[in-house]
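Everything on this sheet refers to the single structure shown next.
The values are calculated or read from the model by the stated rules, or taken from the named source; none is laboratory data. Note that the structure is a prediction, hence the values are computed from the model and not measured. For neighbour counting, all protein chains shown are included, and Cβ atoms are generated from backbone atoms with ideal geometry for every residue, glycine included.
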Amino acid sequence: MARAVWDALPGLERKQPSMGRIVAAEKGASRRRRRPAASVRLSVEVRGGGHAARVLRAAAKEQLAALRLSREVSLTLVSDRRMRALNRDWRGKDRPTDVLSFPQHGASIGDVVISLDTARRQAREGGWSLAAELRRLLAHGLLHCLGHDHHTAQEARRMAAAERRLLGRQGMVGD
């Protein structure tokens, strides 16, 4: 059947690669085995979240690659109202927060939920872009999914260092 395809395309030459090229290509491929790209599932449950969703998807791919992870992560952008309900249900705190993380095991790293309303407010108050704030919140949420925490001073220092490594000096905002 392949022969019929080549025969039907006049003017194209069919060249067979030399065995040397095939062997060299196979050796090179075995040295450069790539991890499959991480999968990012994104849900936008808030009005006007299109730009934020694009920023988060790109940032998630970059940060997962930097962490050398090929597992799936689920991201959700919500309003302060929805975040307040989640924070109340899961943490017993009746107020919105900027980011919540729900670690998982297996194929998924977990779920990261970000309040777009709070992210916008924090970016405006801090004097930096919404994109920078979203990257910071995503990094914080991903690190929580991977087991980092900040309940003690030592844990907080470790997590802050991991955020700096993940974001780089230019990407880091806040303390």
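Quick notes on this one:
- Tally of residues being over 20 Å from the mean Cα position of the chain (by Cα) and in a helix (DSSP H, G or I) across the range 124-136: 3
- Restricting attention to the range 137-170, the residues that are outside any helix (DSSP H, G or I), out of contact with any Leu (no Cβ under 8 Å at 6 or more places or on another chain) and either closer than 15 Å to Val99 by Cβ or without any contact (Cβ under 8 Å) to a residue 12 or more places away in the chain (or both) total 5.
- Any hit, the range 108-120, residues being within 16 Å of the chain's Cα centre (by Cα), of a type in the set (Ser, Thr, Tyr), closer than 23 Å to Ala162 by Cα and surrounded by fewer than 19 Cβ atoms within 10 Å (Cβ to Cβ): yes
- Restricting attention to the range 37-59, the residues being part of a loop (DSSP other than H, G, I, E, B) and over 18 Å from Arg121 (Cβ atoms) number 3.
- Residue among Ser101, Ser79 that alone is touching a His at 6+ places or on another chain (Cβ under 6 Å) and either more than 23 Å from Asp149 (Cα to Cα) or modelled with pLDDT of 95 or more (or both): Ser101
- Candidate set: the range 52-64, residues that are without any contact (Cβ under 8 Å) to a residue 60 or more places away in the chain and over 8 Å from the mean Cα position of the chain (by Cα); chosen: the one surrounded by the fewest Cβ atoms within 10 Å (Cβ to Cβ): Arg54
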